[in-house]
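Read the structure below first, then the notes.
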Amino acid sequence: MTYIGTATSRVDGHAKVTGTATYAAEAKTTGLVHGSVVTSSIAKGRIVRIDVSDALRVDRVIDVLTHANRPPMADADSGYKDEVAPDGSPFRPLYDDRILFSGQPIALVVAEDPETAQFAASLVRVEYAEEPHVTEMYRRWDDAPALKAVAKPGENPFSPPKPRGNAKAALAAAAVRHQGDYYVPVEYHNPMELYGSTVTYESDGTLTVFDKTQGVQNVQCYLCGVFALAPERVQVLSPFTGGAFGSGLRPQYQVVLAALAALALKRSVRVVLTRQQMYGLGYRPAMIQRIELGAKGDGTLEAMTHDAITMTSQYEHFYRQETGWSGLLYQCPNATYAHRVAPLDLPTPCDMRAPSAATGVYALECAMDELAVALGLDPLELRQRCYSDRDQNTNRPYSSKNLHECYRQGAEAFGWEKRSPEPRSMRDGSELVGWGMATGVWEALQVPIAVRIALTANGHAEVSCATSDIGTGTYTIMAQVAADMLGVPLDQVTIRLGDSTLPQSPVEGGSWIAASVANGIATTSDAIRDELLGLAKQMPNSPLSDIAPGEVVLVDGKLMSARDPARAVSIADTMRHGGIDRIELEKTTRFPKDETHSHNTHSAIFAEVKVDEELGVIRVTRVVSTVAAGRILNTKTASSQILGGVVWGIGMALHEETLLDHTFGRVMNANIAEYHVPVNADIHDIDVIFVDEPDDSINRLGIKGLGEIGIVGVAAAVANAVYHATGKRVRDLPITLDKLL
Ligand code: MOS
């Protein structure tokens, strides 16, 4: 293989750095009008009256849409259920007078230009009948009231694992115990690209929708459901996405408002949210987790309990498997898990990079660090003693698991053996130095997907699939795989994605697209090869006349025997002889359910912090992230994924926190000045290492995917390093300097 596994630069890189890769709100169209969203200033209640008269009097304002004058929308919940909707009743923008959360859209002002729309939106007067709201999540375990369990253990993929053994008795008998409560605040997605939609209204009533999304077909189906439109009347496009990682899995309300206005006015409409309004969308739910660990004196785990309380909205039942990760990761014969959920008057949370693993593993890996301290054992040594070759939840072996090698190579690259175990025992001038580590784990999923390939006699391939590239490098890995499978140069491959009219793809999420689409390309390439071979066999004196399809490969523009390169014919000649100049085929790839193995990716993260003893300022000076994620398709884009995950993990550990004013039930720091994320000055050396992890059973190409694993464990490694530096254990994130002093 020429391209798979290499550090190939992004095929869309030129478009990105020269500005031709445009966002949804930059799509060029004519006759466009602009919508500005008015949001509710209360968290719960009803709209008694909306006075839009002042707004309508502004020159160049076209209309103001509210629940009172909007065009028809679906009345059943089913009309609003998208591909990844949780149980419950999805939010419906401008549907009726009910207010479910502060920042809810309640009117759309449409004007000839965006500035006028925004100004007029400030003139809309709203009278509410306010009701009492609850927006406060319990920061302390003991403050939580009786809450409902999310689901019974084992009931669905997101419910807690089934208990095993007798955790209570084993804990009581354990030689060494640790119990800790770990808090994670509400965290908000802050992608570069603002949520925006440009809806082109065609004269025949069809809509062409440029949307910021991780799933064009999800948005297309959703719009068809909301507005009862035939699928062929809605095309959704998202060729480029300025960051998403969960926030674009579900259709966001601006696309509904833009489509609503386009249908009402029979005009093309653009709606872009402000940065502040994006804090009225989904978020990583705040949570409190209680973990109790019991070990033998030798550091092997005897018992574990992991209980989580997360939050959801009042209208949807959103939860992920916070406790599942500690369930599977370490050898431990006795364990129980529980997960409860607090419904609050806020928008429904959503997936955010490695949902549930970023947070569940944070708690587990801090608890493991604390257990290591209690045992007087090196934290890395503890992980190795509890190592499991089987998924502890299912008691299945892994299709592959090379976490051992992550520990070994990571420790070596970091210099872990030079660590002095005592907290506050390492210094660099006036700064305390701390070294911490953690394990990361994510799942390796794959989903049914369809890929179309058109291969022409002159050696060009066009590969199409309705998936997205959310910045992860999908364009590039698709081109690499197609080039290798079809035997053409990389620059002769054109990738088409982010268009709902292309072959079927689910949302790009869960780190499942690389494995799915790459194997999908392999399937369709095989079909192309088979068709070519059929033609080649009919050629006079064909060197391939008696050869089976599985023994033929496409290399350098030729069909060739895999065993004997001398037996080959050119693809161009084959097509010419067959009287065609192209072959175009579409195939769907499904992945058989493997009931015998678990499929996961793993990582080991080593972090160094330096803490100013007097000011409490923490700097993360070094991180080594070592990842086992099957075959790496592209070492360059893969490293970038892990780097980004580590940066985000540093933000989770030290910076990110949404602050709510519970009097108003509203986010106070709804901007990137006050919602802190790491900036360049916060980021120092980050070293990414991929260990070999051959996997011949997970899928044909041995791919696992790695969008999410990069963040998992990072916050714990940093928190553990802060403890090692200072001797102070901070269990609620972010670790800000006031908590250290
Ligand atoms: Mo991911 S949080 O499924 O984009």
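The values are calculated or read from the model by the stated rules, or taken from the named source; none is laboratory data. Quick caveat, the model's predicted, so the values are computed rather than measured. Positions of Cβ are generated from backbone atoms using ideal geometry, with glycine treated the same way; all protein chains shown enter the neighbour counts.
The single condition from (1) over 30 Å from V134 (Cα atoms); (2) under 21 Å from the mean Cα position of the chain (by Cα); (3) buried (at least 20 other Cβ atoms within 10 Å of the Cβ) that W648 fails is (1). Under the condition of being aliphatic (A, V, I, L, M) and buried (at least 16 other Cβ atoms within 10 Å of the Cβ), the residues counted in segment 145-168 number 3. Condition test on S598, is it closer than 30 Å to E381 by Cβ, hydroxyl-bearing (S, T, Y) and in contact (Cβ under 8 Å) with a residue 60 or more places away in the chain? Considered against the rule, which asks whether it is closer than 30 Å to E381 by Cβ, hydroxyl-bearing (S, T, Y) and in contact (Cβ under 8 Å) with a residue 60 or more places away in the chain, S598 comes out as yes. Scanning segment 710-733 for residues that are in contact with a strand residue (DSSP E or B) (Cβ under 6 Å, 6 or more places away or on another chain) and surrounded by fewer than 24 Cβ atoms within 10 Å (Cβ to Cβ) yields T726, R731, D732.
Table: residues versus (1) outside any strand (DSSP E or B); (2) surrounded by 21 or more Cβ atoms within 10 Å (Cβ to Cβ); (3) in contact with a helix residue (DSSP H, G or I) (Cβ under 6 Å, 6 or more places away or on another chain).
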| position | (1), (2), (3) |
| --- | --- |
| R92 | yes, no, yes |
| G103 | yes, yes, yes |
| E115 | yes, no, no |
| Q118 | yes, no, no |
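Return the residues of segment 341-352 that are in contact (Cβ under 8 Å) with a residue 60 or more places away in the chain and either away from the ligand (no atom under 16 Å from the Cβ) or under 19 Å from G299 (Cα atoms) (or both); say none if nothing qualifies. V341, A342, L344, D345, L346, P347 - these are the residues of segment 341-352 that are in contact (Cβ under 8 Å) with a residue 60 or more places away in the chain and either away from the ligand (no atom under 16 Å from the Cβ) or under 19 Å from G299 (Cα atoms) (or both). Among the conditions (1) modelled with pLDDT of 95 or more; (2) closer than 30 Å to Y188 by Cα, Y330 misses just one, which is (2).
On inspection, P355 passes the criterion of being within 16 Å of the ligand (Cβ to nearest atom) and outside the structural domain of P86 (by TED's automatic domain parsing).
The listed residues are L643, L615, L659, and the only one of them that is surrounded by fewer than 19 Cβ atoms within 10 Å (Cβ to Cβ) and in contact with a strand residue (DSSP E or B) (Cβ under 6 Å, 6 or more places away or on another chain) turns out to be L643. So for segment 89-109 (the condition being more than 23 Å from R666 (Cβ to Cβ) and not β-branched (V, I, T)), does at least one residue qualify? Looking through segment 89-109, none of the residues is more than 23 Å from R666 (Cβ to Cβ) and not β-branched (V, I, T). Taking the stated definitions as given, is M478 at pLDDT 95 or above, among the hydrophobic types (A, V, I, L, M, F, W, C) and part of a strand (DSSP E or B)? No; evaluated as a whole, the condition is false for this residue. For segment 481-512, filtering for residues that are among the small types (G, A, S), surrounded by fewer than 24 Cβ atoms within 10 Å (Cβ to Cβ) and either free of Cβ contacts under 8 Å to residues at least 24 places away in the same chain or within 16 Å of the ligand (Cβ to nearest atom) (or both) leaves 1.
For beta carbons closer than 7 Å, sequence separation of 6+ or different chains, a first residue in segment 248-270 that is within 16 Å of the ligand (Cβ to nearest atom) and a second that is assigned to a loop (DSSP other than H, G, I, E, B) and of a type in the set (V, I, T), the qualifying pairs are G248/T213; G248/T241; G248/I470; L249/V84; L249/V507; R250/V84; P251/T213. Selection of segment 553-612 for residues being farther than 16 Å from N541 by Cα and among the small types (G, A, S) yields G557, A562, A572, G579, S598, S603, A604, A607. Of everything listed in (1) in a strand (DSSP E or B); (2) under 23 Å from the mean Cα position of the chain (by Cα), the single unmet condition for D351 is (1). The single condition among (1) part of a loop (DSSP other than H, G, I, E, B); (2) out of contact with any strand residue (DSSP E or B) (no Cβ under 8 Å at 6 or more places or on another chain) that D142 does not satisfy is (1). Considering each of Q384, Q314, Q289, Q321 in turn, give the residue that is without any contact (Cβ under 8 Å) to a residue 60 or more places away in the chain and either hydroxyl-bearing (S, T, Y) or in the same structural domain as R177 (by TED's automatic domain parsing) (or both). Answer to the selection: Q384.
All conditions but one from (1) within 30 Å of V623 (Cβ to Cβ); (2) out of contact with any helix residue (DSSP H, G or I) (no Cβ under 7 Å at 6 or more places or on another chain) apply to A604; the one that does not is (2).
Conditions tested, residue by residue: (1) aromatic (F, W, Y); (2) outside the structural domain of A515 (by TED's automatic domain parsing).
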| residue | (1), (2) |
| --- | --- |
| E551 | no, no |
| S561 | no, no |
| D564 | no, no |
| R567 | no, no |
| S570 | no, no |
| G578 | no, no |
| L585 | no, no |
| S603 | no, yes |
| F606 | yes, yes |
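Can you confirm whether segment 127-137 contains a residue that is of a type outside the set (D, E, K, R), surrounded by 15 or more Cβ atoms within 10 Å (Cβ to Cβ) and free of Cβ contacts under 8 Å to residues at least 40 places away in the same chain? No, every residue in segment 127-137 fails to be of a type outside the set (D, E, K, R), surrounded by 15 or more Cβ atoms within 10 Å (Cβ to Cβ) and free of Cβ contacts under 8 Å to residues at least 40 places away in the same chain.
Looking at this structure, is E431 under 19 Å from I642 (Cα atoms) and surrounded by 15 or more Cβ atoms within 10 Å (Cβ to Cβ)? It is false that E431 is under 19 Å from I642 (Cα atoms) and surrounded by 15 or more Cβ atoms within 10 Å (Cβ to Cβ). On the stretch given as segment 513-539, residues that are over 22 Å from T601 (Cα atoms) and within 14 Å of the ligand (Cβ to nearest atom) total 0. Scanning segment 280-303 for residues that are hydrophobic (A, V, I, L, M, F, W, C) and either on the phi > 0 side of the Ramachandran plot or assigned to a loop (DSSP other than H, G, I, E, B) (or both) returns L281, A286.
If we scan segment 552-560, do we find a residue that is over 30 Å from G473 (Cα atoms) and either part of a helix (DSSP H, G or I) or modelled with pLDDT of 95 or more (or both)? Yes, some residue in segment 552-560 is over 30 Å from G473 (Cα atoms) and either part of a helix (DSSP H, G or I) or modelled with pLDDT of 95 or more (or both). May I ask you to verify whether M478 is closer than 17 Å to T588 by Cβ, without any contact (Cβ under 8 Å) to a residue 60 or more places away in the chain and either more than 15 Å from the ligand (Cβ to nearest atom) or buried (at least 24 other Cβ atoms within 10 Å of the Cβ) (or both)? In short, yes.
A single entry from G665, G707 fulfils the requirement of being surrounded by 15 or more Cβ atoms within 10 Å (Cβ to Cβ), away from the ligand (no atom under 16 Å from the Cβ), small (G, A, S) and more than 30 Å from D612 (Cα to Cα): G665. State yes or no: is Y362 among the hydroxyl-bearing types (S, T, Y), within 16 Å of the ligand (Cβ to nearest atom) and in contact with a helix residue (DSSP H, G or I) (Cβ under 6 Å, 6 or more places away or on another chain)? Criteria met by Y362. Checking every residue in segment 231-243 against the condition of being small (G, A, S), surrounded by fewer than 17 Cβ atoms within 10 Å (Cβ to Cβ) and outside the structural domain of G705 (by TED's automatic domain parsing) gives at least one match.
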